[in-house]
Amino acid sequence: MDLITTILITGLLCLIIWKVVISLFKYIQLLNTLRRIPQKPSHWLFGHGKEVTDSKTYSDYIMDCMRGGARMYCIWNGPFPVLGVCHPETFQQLNKQVSDKARGFPDGYRLLERWLGEGLLISDGKKWERNRRLLTPAFHFNILTGYIDVMNDVTDLFLDKLDEASQKSESLDVYPYVCRATLDSMLRCSLSYEGSMLESKEHSYIQAVQRIPALMWKRLVQPFFLFDLPFNLTRFGQEHNQLIDVARKFTGDIIEARKKYLKEHPDLTKQKRRLDFLDILLTAKDEKGQGLSQQEIQDEVDTFTFEGHDTTASAIGWAIYALSQNLKIQEKVYEDVQTNWKNCLSQFKYLPLFIKEVMRFYTPVPMLGRKHSKPITIDGIEIPPGPRFDIFIYAIHHNPQVWKNPEEFDPGRFDVEHRDETDIYGFIPFSAGSRNCIGQVFAMNEIKITLAKFVKRFEVLPVKGHKPQMQADAVMRSLNGLPVQLRRRKLEGSTQLSSC
């Protein structure tokens, strides 16, 4: 080996050793900082891997920390630390300093990219700003108003299906019906889809989007599965990739059909009373005259089809279940609907309070993730870049430092007299700040219509002995379903609602 080669090899080894030493030094500094953050004892290598094995045990860990008085927590996924906040004041500090989504190696949003790409849920920076600006017109009040009739029609079919099923069984799990109904509304309102999910008892797309987040959580709590290659070699990885192909093919076929139709009818967007979400995606142009690419359109459709139906389904499903568990509250909701119907969503008084309490108590979207690229200070602790920050909304919504009697279901806490305890960071079902949910008005309209028409047709009763096994995946689910008993009411007057 000549001298030059020896020098090059020696220099390379020295550089590698130097990088390793620097990395270890920074890691030790991080460990010293994180010791100041509340956490349970952990193994030096496996972290909390024996205790935290899925989203349920992850939630239990955080709730234990929160009930112990922690405003922030640390959890170890093997050697990878994950930080989180469970108090509104701590979230406010984080929200002002960090807006990027958690897309690093051990983070959940990275694991969703294979499916949702860089849609609004995941993208950051200039791309997010551009696409948010291009998509905002799709959620203008005038366009949302045009969806009301569709939501009415879908809800009527949904109630008919419940009516039919309740005649055959003493009780039924409402959640599968709700999922199909909200997917119908999303597809018909935003993508001009002509089919009906409610007419099918099972659909491969619904099965896929409910299973994918569960597989994502399996990766999040098992460090070995964070690496794509070993995960893809397992049966879970193969199932995961097959399900993503099913989901993307379903939305991809809808996009191609719409593109073909618009090409055959070039004046359609000028003649239509309203443009739906997909029309705007296909025709939107930025200040440079550039539209969205094929991949960007696919990413946004996948994002909104999933987010737009699954989160709303969780809210409606839990709302119906809450009605069955709180009969006096159900009667107040029914009286409000009967008294203030008048074909107008804005007339209801008690129903909106009930919906807010459902979103607090059951928290349809239980968690968000953020990532910081510069040092930040939270609760007086300077935290270097690296760890993911989870905002555990469910814990914030159940924090006894914020809410009086948080485990009591009480819509009255949202009336005017109690607004001080429900400030912008204490109640965040749609997140807060610039990254809040762009579709929240669409979702609230659908929830109000569905619940108002539901209580007008049905009285809902509990199934004796049932206790839901809550699991905070991408949305809050019940592992043992949401069974209820339905009794048909006598229909009175108009059954259509409008936005006014």
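Ranked by the mean number of other Cβ atoms within 10 Å of their residues, highest first, the peptides 277-289, 440-452 come out as 440-452, 277-289.
Taking label positions 7 Å along the Cα-Cβ direction at both SER293 and ASP149, the computed distance is 3.9 nm, reported to one decimal.
Partner aspartates and glutamates whose Cα lies under 13 Å from the Cα of LYS127, excluding those fewer than 8 positions away in the same chain, are identified as ASP100, GLU118, ASP286, GLU296, ASP299, GLU300. Working from the alpha-carbon coordinates of region 198-337, get Rg over Rh, Rh being the Kirkwood radius. Looking at region 198-337, the ratio lands at 1.09. Cross-link partners for LYS467 among the aspartates and glutamates, with Cα-Cα distance under 14 Å and sequence neighbours closer than 8 places in the same chain left out: ASP173.
Bridgeable aspartates and glutamates around LYS50 (alpha carbons under 14 Å apart, same-chain partners fewer than 8 residues away excluded): ASP60.
Computed per residue of the chain from DSSP H runs no shorter than four, each worth -39500 (n - 2.57), the mean residue ellipticity at 222 nm is -17000 deg cm²/dmol. Across region 88-178, the mean sequence separation of Cα contacts (distance under 8 Å, 6 or more residues apart), normalised by length, yields a relative contact order of 14 percent. Summary of packing: across the peptides 165-172, 453-460, 466-473, the per-residue average of other C-beta atoms within 10 Å ranks them, highest first, as 453-460, 466-473, 165-172. Centre-to-centre, using Cα atoms only, region 193-242 and region 423-469 are separated by 25 Å.
Report the gain in length on full extension from SER204 to ASP253: 0.36 nm times residue separation, minus Cα-Cα distance, nm rounded to one decimal.
Fully extending the segment from SER204 to ASP253 adds 16.2 nm.
Pairs over the 23 Å Cα-Cα cut-off, from the set LYS56/LYS453; LYS126/LYS285; LYS168/LYS356; LYS218/LYS404: LYS56/LYS453; LYS168/LYS356; LYS218/LYS404. Peptides 5-18, 475-488, 137-150 ordered by packing proxy, namely the average of other Cβ atoms within 10 Å per residue, highest first: 475-488, 137-150, 5-18. A simple rule links phi to the HN-Hα coupling: the Karplus curve 6.51 cos²θ - 1.76 cosθ + 1.60 with θ = phi - 60°, which for region 19-24 gives 4, 5, 4, 4, 4, 5 Hz, with x for Gly and Pro.
Read-outs throughout are calculated quantities, based only on the coordinates presented, and are distinct from any laboratory measurement. Keep in mind that what you see is a predicted model, and the values were worked out from it rather than measured. Neighbour counts run over all protein chains shown; Cβ positions are idealised from the backbone, glycine included.
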